Structures are given as C-alpha cells and as structure tokens.
Amino acid sequence: MFKPENIAKLIPVGGIFIILCSSIKLIIYYSMFNIKIIEYLTIQEYASLFMEDIIFYLLIIGFGVLYHRFTVKSFIKKSGKWPIIIGIAIGITINLIFFLTSETIYNRISNLTVVIYILVLLIFYLRQLKNKELNPTNYLVSVAIIFSISNGFSLGYSVLERDSIVDYKFHFTDYSINTSEKYRYLGKTEKYFFFYDLSNKQARIVNNENLLDINVLEKN
C-alpha cells in the first residue's frame, strides 16, 4: 500500500519521470514543425522542463495519495455503482458533444483527452468493483503519459490555428520577424528561437545572439 511517508523515497524517481513526460510533450510539439528539439537543448535545460506542468503533476500525485488514504471502496458501498456509471456516461457524452461541435482541432484534442481520462478512471473503477488490488502508480503513470502526448499535439495545433493572446515582433541585427504576419512563434531554448513560416511551411531557427529586442503587439 502506498503510504505518505514513502513520498520522499519516490521524489527522485518521480522527478525523472516528470522530466521524461515533459520531454515527450516537447518532442511531439516541435516534431509537428520538423524540429528535433533534443538537438537544441542543453543538459541544464532538462532539469527545468517539468516546471510548466508541475501543477498538473502535483494534482495527479495528490489524487493518488488521497486515493489510498481514503479508499474508494467505502464510497462505492455508500453510493452504489449505477450513480457513478451514469455520471461517467454523462461526462463522456458532454465531452463528445463538445468534440463534435468544436471548430478547432486543439479544442477537439482537449475534449478527446478528457474522454480518455474518464475511460481510464472507469477501468480502475470496474477493477475496484471486482475487488482487485489496484496500484495507484499505474493510474498516475497512465494519466501523466496521456497528458504529455495530448498536450504536445494540442500546443502544436493551437499555434497553427493562432490561439495566442498577443503577437510579437523580434528585432534581430539584420532583420525582424513579426508573428502577426506569416510567422508563428514556437518557443525558445537557451540559445535559439523557433519560428514557423506559414507560407513555406518550414521552421526557422534563429540564434538568439543576434537578438536586439522584442516588442509585444496588440493582436489584430
């Protein structure tokens, strides 16, 4: 059984796993633009990869702790299986409706991901009904991997479908790049900026040594 006092023992392994999941997300995201992001990351940057997603990972880890501290068995006995199954069915139906009516691919990916989360939860619930011993680590790993994969694709399509709050104008030594026009800003590493040229459908990688300044523009 998972015990809170064992958390300290799991932190090193958990940290490595979180970095792995964040790496999967970045690899999927940048591979949509034919960029091998691993070639542009320094060793020091790997340690900070998980920071953007740390809140989500803490939430699912917290769920795993609560899962064993307050076992689901008592909840199942009190509520019965049908209210839970009906609630799961309603959750899946609502997200499928949003999936079918959404106009953007990245929103559809988000809706589909929620459906997958619910299905994973349903599988664990059905195993619980059969009184089979459950390992919360399996649930946490499943959810984290699903999140990493779906978030990578969702981020990629959000860039292509221009779901940014603001635009940027990057001033380099001999030229400028405006993300409100034919370019999309993808991200950066310690030494490089990454852009996507919509007209040529090619990535553009720029060394940040030539950067003069960045202007934040109101989105048209």
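The values are calculated or read from the model by the stated rules, or taken from the named source; none is laboratory data. A quick note: this is a predicted structure, and the numbers were derived from the prediction, not measured. For neighbour counting, all protein chains shown are included, and Cβ atoms are generated from backbone atoms with ideal geometry for every residue, glycine included.
Exactly one condition in (1) over 16 Å from VAL166 (Cβ atoms); (2) part of a strand (DSSP E or B); (3) more than 23 Å from the chain's Cα centre (by Cα) is false for SER199; which is it?
Condition not satisfied by SER199: (2).
Given the condition of a type in the set (Asp, Glu), in contact with a Ser or Thr (Cβ under 7 Å, 6 or more places away or on another chain) and either within 22 Å of PHE33 (Cα to Cα) or surrounded by 14 or more Cβ atoms within 10 Å (Cβ to Cβ) (or both), answer yes or no: does some residue in region 165-177 qualify?
The answer is yes; a qualifying residue exists.
Can you name every residue in region 202-220 that is in a strand (DSSP E or B) and among the charged types (D, E, K, R)?
Selection gives ARG204, ASP213.
May I ask you to say which residue of SER158, SER142, SER180 is in a loop (DSSP other than H, G, I, E, B) and buried (at least 16 other Cβ atoms within 10 Å of the Cβ)?
SER180
Hey, among LYS25, LYS9, which residue is basic (Lys, Arg), assigned to a helix (DSSP H, G or I), closer than 19 Å to LEU140 by Cβ and at pLDDT 80 or above?
LYS25
Report the residue count in region 206-220 for those that are surrounded by 13 or more Cβ atoms within 10 Å (Cβ to Cβ) and either under 16 Å from LEU26 (Cα atoms) or of a type outside the set (A, V, I, L, M, F, W, C) (or both).
2
How many residues does region 178-196 contain that are under 13 Å from PHE33 (Cα atoms) and either among the aliphatic types (A, V, I, L, M) or under 21 Å from the mean Cα position of the chain (by Cα) (or both)?
Within region 178-196, residues that are under 13 Å from PHE33 (Cα atoms) and either among the aliphatic types (A, V, I, L, M) or under 21 Å from the mean Cα position of the chain (by Cα) (or both) number 7.
Which residue, of ASN178, ASN200, ASN210, is modelled with pLDDT of 75 or more, of a type outside the set (Gly, Ala, Ser), touching a Leu at 6+ places or on another chain (Cβ under 8 Å) and not assigned by TED's automatic domain parsing to the domain that holds ILE54?
On the way: ASN200 fails: touching a Leu at 6+ places or on another chain (Cβ under 8 Å); ASN210 fails: touching a Leu at 6+ places or on another chain (Cβ under 8 Å).
The conditions single out ASN178.
Conditions: (1) at pLDDT below 70; (2) surrounded by 18 or more Cβ atoms within 10 Å (Cβ to Cβ). LEU66 meets all but one. Number of the miss?
(2)
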